[in-house]
Amino acid sequence: MRSKPYKEGQVHILAGKCKCANCGKILASNHSKGVKYLICPTRTINKELCSGACIQVRSLEEKVLKETMGLIQSLAEEKKYRENQSSFTNKKSSYKNVLNKNIMNLKKEIENYQNSIKTMYLDKVKGIISENQFIEFNTSFSQNIKDCNDKLIELQTQLNEFELKESEHKTVSEVIKKYENIKELTPIMVSDLIQEVKVGTRIQGTKEVPIKIIWKL
Ligand SMILES: [Zn+2]
């Protein structure tokens, strides 16, 4: 089979994202008798180095589109399920409010203890309380400040984790909204959703070439 790289003045939509599942090389564009292929470059150099990957561009596009539609559909179902399950959105915002309120209260508490220590210090200077009394108060308030700080770190970690989840949820919602009714692959969609496509060796006795899509989501 004689094949040449095809050039149409346009980079293929999946170019650079398709890799050989066997050797990991980026597949090269070829054509033969008007049919476009992506093919593992390693095997064209030396057949012993790789068991090869070769797929018709049309068949690849069909598979990728079908899998992308499947992905969007399952994301949409999952989202619907979660929302139905527990009025997810309401719970989310009240949980975040509680966290924020607790964080604010802790910060206030810390400030109060710090002010109390200052007051006690002035009282000691003025001779209202003794050195020993001051040390006692100072030790106790400092311990309280430390406890508050520990709690504060814990709550802030929870808030950060929650916000991360929230932003992931938002991304998923946007993706679903944007690609709910896709009919064909577009460059933006491919760039938004697909990290890479691994193309395997044709299954013997069939025309089936297995692919595995690594999603960005
Ligand atoms: Zn290969």
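The values are calculated or read from the model by the stated rules, or taken from the named source; none is laboratory data. Since this is a predicted model, take the numbers as computed values, not measurements. Note: ideal-geometry Cβ built from the backbone for every residue, glycine included; neighbour counts use all protein chains shown.
Structure notes:
- TYR37 meets the stated requirement of being surrounded by 20 or more Cβ atoms within 10 Å (Cβ to Cβ) and either modelled with pLDDT under 90 or more than 9 Å from the ligand (Cβ to nearest atom) (or both).
- Top-ranked residue in the range 14-28 [being more than 15 Å from the ligand (Cβ to nearest atom) and crowded, with 18+ Cβ neighbours inside 10 Å; ranked as modelled with the lowest pLDDT]: LEU14
- In the range 174-192, of all residues being among the β-branched types (Val, Ile, Thr) and outside any helix (DSSP H, G or I), the one that is nearest to MET69 (Cα to Cα) corresponds to ILE182.
- Top-ranked residue of the range 163-189 - restricted to ones that are of a type in the set (A, V, I, L, M, F, W, C) and touching a Lys or Arg at 6+ places or on another chain (Cβ under 7 Å), ranked as modelled with the lowest pLDDT: VAL172
- Scanning the range 100-136 for residues that are closer than 16 Å to ASP150 by Cβ and either modelled with pLDDT under 95 or surrounded by 15 or more Cβ atoms within 10 Å (Cβ to Cβ) (or both) yields a total of 6.
- Flag for LEU164 being assigned to a helix (DSSP H, G or I), among the hydrophobic types (A, V, I, L, M, F, W, C), farther than 29 Å from ILE39 by Cα and touching a residue at least 24 places away in the same chain (Cβ under 8 Å): no
- Pairs linking a residue in the range 68-80 that is among the hydroxyl-bearing types (Ser, Thr, Tyr) and assigned to a helix (DSSP H, G or I) to a residue that is surrounded by 15 or more Cβ atoms within 10 Å (Cβ to Cβ) and at pLDDT 90 or above, with Cβ atoms under 6 Å and 6 or more positions apart or on different chains, do not occur.
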